[in-house]
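The values are calculated or read from the model by the stated rules, or taken from the named source; none is laboratory data. Everything numeric in this text was worked out from a predicted model, so none of it was measured. Glycine also receives a Cβ, built like all others from the backbone with ideal geometry; neighbour counts cover every protein chain displayed. Accessible surface areas use protein heavy atoms only, side chains included; no ligands, DNA or RNA. Shrake-Rupley method; radii C 1.70, N 1.55, O 1.52, S 1.80 Å.
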Amino acid sequence: MATITPTNALIGGNLQITWAAMAGGDVGAAYTNPAFFRLASVQYDTGTWGTSTLTIQGSNDDTNYYTLADPQGNALSKIANGLEVILEAPLYYRPSFGAGTGSALSVVLAFTARQPG
């Protein structure tokens, strides 16, 4: 199990956060939601799934993490490619890959710039 440090990039005024090549049992280092961006979506599809389950988690204290949900209230606990909007807006976000074999997957959060006002 490893803690994967995310990278970030500004793309057209939006912020993209990527945890690359996560394997079974890995957890992403937490990323704090910047004040001038709002979360738009999470994508998980670059790589190989194997037998692991990916969970998107959030926390407001960077200690206690909980599984986040999509706008329909479904847990963001996935075993296949997808792109989802996240319902909650915690201070900290991270992906967590359950134990399994043959998994090597990248997870990408996209934050859009907040409109003034």
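Are any residues in the stretch 11-31 part of a strand (DSSP E or B) and open to solvent by less than 50 Å² (accessible area, probe 1.4 Å), and if so, which ones? Step through it out loud before you land on a result.
Going residue by residue through the stretch 11-31, those that are part of a strand (DSSP E or B) are 11, 14-22, 27-28, 31.
Result: 15, 17, 18, 19, 22, 27, 28, 31.
The residue that is modelled with the highest pLDDT, among those in the stretch 108-117 that are farther than 15 Å from residue 32 by Cβ and open to solvent by less than 90 Å² (accessible area, probe 1.4 Å), is 108.
Could you check the stretch 53-107 and list, in sequence order, the residues that are small (Gly, Ala, Ser), in contact with a Ser or Thr (Cβ under 9 Å, 6 or more places away or on another chain) and surrounded by fewer than 15 Cβ atoms within 10 Å (Cβ to Cβ)? Write out each step before concluding.
Within the stretch 53-107, the subset small (Gly, Ala, Ser) is 58-59, 69, 73, 75, 77, 80, 82, 89, 96, 98-100, 102-104, 106.
With the extra rule that they be in contact with a Ser or Thr (Cβ under 9 Å, 6 or more places away or on another chain), the set shrinks to 58, 75, 77, 96, 98-100, 102-104, 106.
Matches in the stretch 53-107: 75, 99, 102.
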